[in-house]
Structure formats: structure tokens, C-alpha cells
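The values are calculated or read from the model by the stated rules, or taken from the named source; none is laboratory data. Since the model is a prediction, treat every value here as computed from it, not as a measurement. All Cβ positions, even for glycine, are placed from backbone atoms using ideal geometry, and neighbour counts span all protein chains on display.
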Amino acid sequence: MKQKQLILYSLALLIVVLMSHSACKKIPFDHRDKYLGDWTFDVHYHSFTMNEGVLYNYSETHNGKIEYGKEKSKILIKYAVDKSIELIIDEDGILSGFPTHYCSGSFKDKKKLDLYLRWGGLGGGTTHSMTAVKK
């Protein structure tokens, strides 16, 4: 009788171990995770035209966020209440997919971002130049 109980106990233990092991799925690492969260953005806004000169030139500090983008390779950077940009980020943290060839940006580490956005051409343009620090 004891041998039968030992076999049943061993079998039950084996089933529990196998079930618990199969229930633990590994969550794949997403290289964007370390950049997500709340950030403080110090943004300098500048706009000019050749005919009118400087239209505006000022700086503001905003509480913003970095979130997942619409695709697995993208992040959404919300740097002001009504201003955001979605960029491609590779596994090394290199940013690409900027809206114009004038733009650039990089993560200095997982807690600091420098970003330069510019739209326009030779006759004028608008820039948003910023440094951000993760909270």
C-alpha cells in the first residue's frame, strides 16, 4: 500500500512541476522598454522667414512621455501638450525616421535625450530643439 501511495505522490508531484514550468512563459525583452516613461523636456522653439525675420523665439519646460509607437520598432515622444513625434529606434538606441533631413537626435543614455527637429527650407523654417531627462 505504501509503495502505491509513493508512486501516486511522485506522479502528482511530477504533474505539478510540469504544469508550473509550462505556465511560466518568458516575456520577450523589448529594447524600447528602458526609454518609456515620464520625462521632463526643455524645449527651445524658433521660427523665421527670410522676408519677416524671426517670428518667435522662446523656451519652455514640459512634462512629457515616451511611449510605444504604432509599430514594434517605433517610440512616440510626447514632448509638449500638443506636440509629439514618432521615431524608429533600433536595439542600440539609435533614432531614425525623422521627418526631414535637417532633424537629428540621440539618447545619451537611457535617461537623457537630445533632439533637434526642423521643418522648412531655405526661405525659413521652424525648429524645436530640446534636451530631456527621464524622471
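Please identify the pairs in which a residue from region 100-115 that is in contact (Cβ under 8 Å) with a residue 60 or more places away in the chain has its Cβ atom under 6 Å from the Cβ atom of a residue that is surrounded by 14 or more Cβ atoms within 10 Å (Cβ to Cβ) and assigned to a loop (DSSP other than H, G, I, E, B), counting only partners at least 6 apart or on another chain.
Cβ pairs passing all conditions: PHE107/GLY93.
Only one residue in THR40, THR49 is surrounded by fewer than 16 Cβ atoms within 10 Å (Cβ to Cβ), over 23 Å from GLY121 (Cα atoms), more than 12 Å from the chain's Cα centre (by Cα) and hydroxyl-bearing (Ser, Thr, Tyr), so which one is that?
That would be THR40, the only listed residue that is surrounded by fewer than 16 Cβ atoms within 10 Å (Cβ to Cβ), over 23 Å from GLY121 (Cα atoms), more than 12 Å from the chain's Cα centre (by Cα) and hydroxyl-bearing (Ser, Thr, Tyr).
Say we look at region 90-135 and pick out the residues that are of a type in the set (Phe, Trp, Tyr) and part of a strand (DSSP E or B); which of these is farthest from the chain's Cα centre (by Cα)?
Of everything passing the filter in region 90-135, TRP119 is farthest from the chain's Cα centre (by Cα).
Return only the number of the condition from (1) exposed (fewer than 15 other Cβ atoms within 10 Å of the Cβ); (2) of a type in the set (A, V, I, L, M); (3) modelled with pLDDT of 95 or more that ILE77 does not satisfy.
ILE77 satisfies every listed condition except (1).
For the subset of region 80-96 comprising residues that are surrounded by 15 or more Cβ atoms within 10 Å (Cβ to Cβ) and at pLDDT 95 or above, which member is nearest to ASP42 (Cα to Cα)?
Top of the filtered list is ALA80.
If you go through region 56-70 one residue at a time, do you hit one that is surrounded by 11 or more Cβ atoms within 10 Å (Cβ to Cβ), modelled with pLDDT of 95 or more and not in a strand (DSSP E or B)?
yes
Step by step: first the residues of region 77-111, then only those that are in contact with a strand residue (DSSP E or B) (Cβ under 6 Å, 6 or more places away or on another chain) and among the basic types (Lys, Arg), then the one that is nearest to GLU52 (Cα to Cα). Which residue is that?
Filtering region 77-111 for residues that are in contact with a strand residue (DSSP E or B) (Cβ under 6 Å, 6 or more places away or on another chain) and among the basic types (Lys, Arg), the one nearest to GLU52 (Cα to Cα) comes out as LYS78.
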